[in-house]
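A short write-up of the structure that comes next.
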Amino acid sequence: MRKEKIFRASKYLFLISISFLSLFPLLWMFIAATNKSVDVLAGTLFPGTNLVENFKTLTANTNLYRAMWNSFKYAAVTTLASLLVSSLAGYGFEIYHDRGKDFLMNILLLSMMVPFAVIMVPLYMLFGNLGLLNTTAGFALPTVSTAFLIFLFRQSSRNFPHEVIEASRLDGLTEVGIFFRMFIPIMRSTYAAAAVITFMNAWNNYLWPLIIMQKESARTMPLLISNLTAGYTIDYGVLMLAVGISILPTLIIFLALQKNFAEGVTGSAK
């Protein structure tokens with residue numbers, strides 16, 4: 001009995017230590033946001049009184065609200081479009097299955113091996129000719145349909161009960177009606193997982209916005225944070241505050257959908 005208690009206490013102590021080490025960088029970032037740059041460089045681990053001053057400096061030297069709105073708008077549009085397009089593709093690959101679709105799926109999976117840097121220049125030239133620079137469509141289109149999301153929805157569709165499809169057809173529902181009225185509600189956990197992944201990737205996207213968003217009014221939060229590090233002197237208190245503000249939307253999205261996230265990744269349906 002005593003050995004069990006010691007083992008349990010050791011286990012919890014180990015887990016608490018690992019959790020603290022994992023959360024410490026996040027905690028230190030918020031602490032640094034309340035201090036002056038000199039205190040941050042000195043490695044202080046205590047909250048300061050410079051939070052309001054850092055926020056005033058940040059808003060005075062950058063277009064913070066515009067960058068936040070741009071990032072949210074781009075990420076939201078990309079997420080909604082990706083969920084619709086990728087889930088339709090994944091649903092079609094599995095529900096209307098044949099060997100030709102298996103071959104096409106393999107080609108799509110091979111495309112994951114191609115680095116974005118390889119297609120970056122052709123994409124920029126194409127979008128420039130189409131007049132899509134500095135636009136939401138230009139930001140979203142390259143990632144609206146990804147092999148990963150299509151594969152995720154395809155695998156999850158394997159757990160979708162085919163009896164529901166047959167019963168819906170007997171009740172007179174069209175194929176489109178079955179997808180929107182039956183598939184989407186049943187597979188909500190998969191949609192939640194895909195939404196978290198897509199939103200976070202779109203929000204944190206740096207390279208593509210750096211290329212396509214050439215106007216200051218179209219810049220996103222990653223670009224704003226990058227600009228804060230481009231000067232001769234860096235105000236680390238202001239920088240940490242900007243990073244802290246930047247992670248809040250993704251943190252809120254994850255916390256709101258975390259209950260369905262693990263279930264959606266495993267591809268289960270209820």
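The values are calculated or read from the model by the stated rules, or taken from the named source; none is laboratory data. Since the structure is predicted, the reported quantities are computational estimates derived from the model, not experimental observations. As a convention, Cβ positions derive from the backbone with ideal geometry for all residues, glycine included, and neighbour counts pool all protein chains shown.
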* Asked: Going by the structure shown, is ALA42 surrounded by fewer than 15 Cβ atoms within 10 Å (Cβ to Cβ), among the hydrophobic types (A, V, I, L, M, F, W, C) and more than 20 Å from the chain's Cα centre (by Cα)?
  -> yes
* **Counted residues, the stretch 19-69 - those being among the charged types (D, E, K, R) and touching a Leu at 6+ places or on another chain (Cβ under 6 Å)** => 0
* Just for the stretch 217-236: of the residues that are outside any loop (DSSP other than H, G, I, E, B) and of a type outside the set (Gly, Ala, Ser), which one is nearest to ASN35 (Cα to Cα)? -> TYR236
* Does any residue in the stretch 191-205 that is at positive phi come within less than 8 Å, Cβ to Cβ, of a residue that is buried (at least 22 other Cβ atoms within 10 Å of the Cβ) six or more places away or on a different chain, and which pairs are these? -> none
* Structure fact -> If you go through MET221, MET187, the only one that is within 25 Å of LEU51 (Cβ to Cβ), surrounded by 14 or more Cβ atoms within 10 Å (Cβ to Cβ) and touching a residue at least 60 places away in the same chain (Cβ under 8 Å) is MET221
* Positions within the stretch 177-211 being under 24 Å from ALA256 (Cβ atoms) and aromatic (Phe, Trp, Tyr), in sequence order -> PHE180, PHE183, TYR191, PHE199, TRP203
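What number of residues within the stretch 122-143 satisfy the criterion of being among the β-branched types (Val, Ile, Thr) and at pLDDT 90 or above?
Summing the residues that are among the β-branched types (Val, Ile, Thr) and at pLDDT 90 or above in the stretch 122-143 gives 2.
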* Criterion: within 30 Å of MET182 (Cβ to Cβ) and touching a helix residue (DSSP H, G or I) at 6+ places or on another chain (Cβ under 6 Å) - qualifying residue of SER71, SER82 -> SER82
* **Criterion violated by SER22 - all others in (1) part of a helix (DSSP H, G or I); (2) hydroxyl-bearing (Ser, Thr, Tyr); (3) under 30 Å from PRO209 (Cα atoms); (4) touching a residue at least 60 places away in the same chain (Cβ under 8 Å) satisfied** => (4)
* Asked: Has the stretch 79-102 got any residue that is surrounded by fewer than 16 Cβ atoms within 10 Å (Cβ to Cβ), more than 30 Å from ARG154 (Cα to Cα) and among the hydrophobic types (A, V, I, L, M, F, W, C)?
  -> no
* How many residues does the stretch 219-255 hold that are at pLDDT below 90, touching a Leu at 6+ places or on another chain (Cβ under 8 Å) and of a type in the set (S, T, N, Q)? -> 1
* Considering the stretch 51-78 alone, what residues qualify as being modelled with pLDDT of 90 or more and part of a loop (DSSP other than H, G, I, E, B)? -> ASN63
* Within the stretch 79-131, track down each residue that is among the acidic types (Asp, Glu) and part of a helix (DSSP H, G or I). => GLU94, ASP102
* Using the structure shown, decide if GLN214 is modelled with pLDDT under 90, in a helix (DSSP H, G or I) and more than 19 Å from LEU27 (Cα to Cα). => no
* Would you check which residues across the stretch 91-113 are free of Cβ contacts under 8 Å to residues at least 60 places away in the same chain and of a type in the set (Asp, Glu) and list them? => ASP98, ASP102
* **Residues within the stretch 62-75 that are surrounded by fewer than 17 Cβ atoms within 10 Å (Cβ to Cβ) and in contact (Cβ under 8 Å) with a residue 40 or more places away in the chain, tallied** => 4
* Inside the stretch 25-46, can you point out the residues that are closer than 18 Å to ILE247 by Cβ, of a type outside the set (Gly, Ala, Ser) and either at pLDDT below 90 or assigned to a helix (DSSP H, G or I) (or both)? -> PRO25, LEU26, LEU27, TRP28, MET29, PHE30, ILE31, VAL40
